[in-house]
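Undergrad: Here it is, the structure in full.
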């Protein structure tokens, strides 16, 4: 697509045709919790089911067609994540895949070892490592979040990572604050001691290109429903790592390749829909998305700074963040803000959104969390202005 046209792109998302009680378009500013599905993803799922589905590796043409579908989407996922096709694992969601990988590390971690996590992560990149430590007697160490900037204190890595570190887990971007995290210091620290690196790219995937191999990250995980596809999970890993580790699996399941890591029959309609989302993103281009979202970010940051009764938590600059914002409103509980805005056709989220550690670091966890406003490329300036106007009206 040569010219980025948000109005034309919005027509590709059927759910965006919804209107509120006043006939205005609903503002789906809850995008960090899940984006709306694009037509190519919806069509791909429907076409797969209409044409007929079957399990894989059967001795008949329909099964062979499913094999071809899975192979095609696996290659597309590898291109999207900068990884190898034989390192792409499909699953029901990122959380399940992360637990699955962490369980496979039991044999590599023992008492006296440690795993490094961050105070900026969604709990899907925290609880699996906490439970790994509980099972093995290892210690969990934390890279601290600076509440004033919304960024991680990566200088702490020097004192946290040592020769007993077995894994370093970090986010590609924060689902709570929108902070984009540079993987370089985490990768450098881990490689120096031979530790595994794991990046949660769920929030990053709709906003920025990802290249696992170029970044030097061992494992990247994400969820297609956050980048305009269906509810599913993707894990991209070094094929050598997948061969080395021994996952829990059924006895008849493959003993090699990425299907060794997939438990049970895959959702082939979800795989088809994921392929449709990849095709759409390739059509639009991530560079165009990044540029457009920067204008949305700047508009919101400028606008919210002028609302005296609203406090922004997280990075206050456009660079190094996604258009996802955590705010609190003087005199209002976050849930009450979300309910009030929702009645006006503006969908936002409230609470901790499973980002327990960031909310704890900000001192908000025991106070209802925060209101989360999040945009993606199908939003325009009018959507940003609707949210700002609604927040501005919350004066007690």
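Undergrad: Could you check, for the stretch 74-97, whether at least one of its residues is at pLDDT 95 or above, farther than 21 Å from residue 210 by Cα and in contact with a helix residue (DSSP H, G or I) (Cβ under 6 Å, 6 or more places away or on another chain)?
TA: No.
Undergrad: Separate question: Taking residue 120 as meeting all but one of (1) under 16 Å from residue 268 (Cβ atoms); (2) in contact with a strand residue (DSSP E or B) (Cβ under 7 Å, 6 or more places away or on another chain), write down the number of the exception.
TA: Checking residue 120 against (1) under 16 Å from residue 268 (Cβ atoms); (2) in contact with a strand residue (DSSP E or B) (Cβ under 7 Å, 6 or more places away or on another chain), the one that fails is (1).
Undergrad: For the stretch 233-246, indicate whether the set of residues that are in a helix (DSSP H, G or I) and either assigned by TED's automatic domain parsing to the domain that holds residue 382 or touching a strand residue (DSSP E or B) at 6+ places or on another chain (Cβ under 6 Å) (or both) is non-empty.
TA: Within the stretch 233-246, not a single residue is in a helix (DSSP H, G or I) and either assigned by TED's automatic domain parsing to the domain that holds residue 382 or touching a strand residue (DSSP E or B) at 6+ places or on another chain (Cβ under 6 Å) (or both).
Yes or no, residue by residue, for (1) touching a strand residue (DSSP E or B) at 6+ places or on another chain (Cβ under 9 Å); (2) at pLDDT 95 or above; (3) not in a loop (DSSP other than H, G, I, E, B):
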position	(1), (2), (3)
269	no, yes, yes
273	no, yes, yes
276	no, yes, yes
288	no, yes, yes
326	yes, yes, yes
332	yes, yes, no
338	yes, yes, yes
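Undergrad: Continuing with this model, one more query. Give the residues of the stretch 124-141 that are under 21 Å from the mean Cα position of the chain (by Cα) and buried (at least 17 other Cβ atoms within 10 Å of the Cβ), sorted by residue number.
TA: 124, 125, 126, 127, 128, 129
Undergrad: Shifting gears a bit: I'm checking my understanding of the structure. Among residues of the stretch 182-211 that are surrounded by fewer than 16 Cβ atoms within 10 Å (Cβ to Cβ) and in contact with a helix residue (DSSP H, G or I) (Cβ under 9 Å, 6 or more places away or on another chain), which one is nearest to residue 83 (Cα to Cα)?
TA: The selected residue is 211.
Undergrad: Tally the residues that are crowded, with 19+ Cβ neighbours inside 10 Å and under 23 Å from the mean Cα position of the chain (by Cα), restricting the search to the stretch 105-123.
TA: Looking only at that region, the number is 9.
One line per residue, one yes/no per condition, for (1) more than 19 Å from residue 13 (Cα to Cα); (2) in contact with a helix residue (DSSP H, G or I) (Cβ under 9 Å, 6 or more places away or on another chain):
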residue	(1), (2)
255	yes, no
279	no, yes
282	no, yes
286	no, no
300	yes, yes
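Let's see how each residue does on (1) farther than 21 Å from residue 179 by Cα; (2) in contact (Cβ under 8 Å) with a residue 40 or more places away in the chain; (3) surrounded by 22 or more Cβ atoms within 10 Å (Cβ to Cβ):
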{"position": "64", "(1), (2), (3)": "yes, no, no"}
{"position": "74", "(1), (2), (3)": "yes, yes, yes"}
{"position": "79", "(1), (2), (3)": "yes, yes, no"}
{"position": "91", "(1), (2), (3)": "yes, yes, yes"}
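Undergrad: Next up: Given the condition surrounded by 15 or more Cβ atoms within 10 Å (Cβ to Cβ), touching a strand residue (DSSP E or B) at 6+ places or on another chain (Cβ under 9 Å) and in contact (Cβ under 8 Å) with a residue 60 or more places away in the chain, answer yes or no: does some residue in the stretch 35-47 qualify?
TA: Yes: the stretch 35-47 contains one or more residues that are surrounded by 15 or more Cβ atoms within 10 Å (Cβ to Cβ), touching a strand residue (DSSP E or B) at 6+ places or on another chain (Cβ under 9 Å) and in contact (Cβ under 8 Å) with a residue 60 or more places away in the chain.
The values are calculated or read from the model by the stated rules, or taken from the named source; none is laboratory data. Being a predicted model, the structure only gives us computed values, none of them experimental. Here the Cβ is made from the backbone with ideal geometry for all residues, glycine too, and neighbour counts use every protein chain on show.
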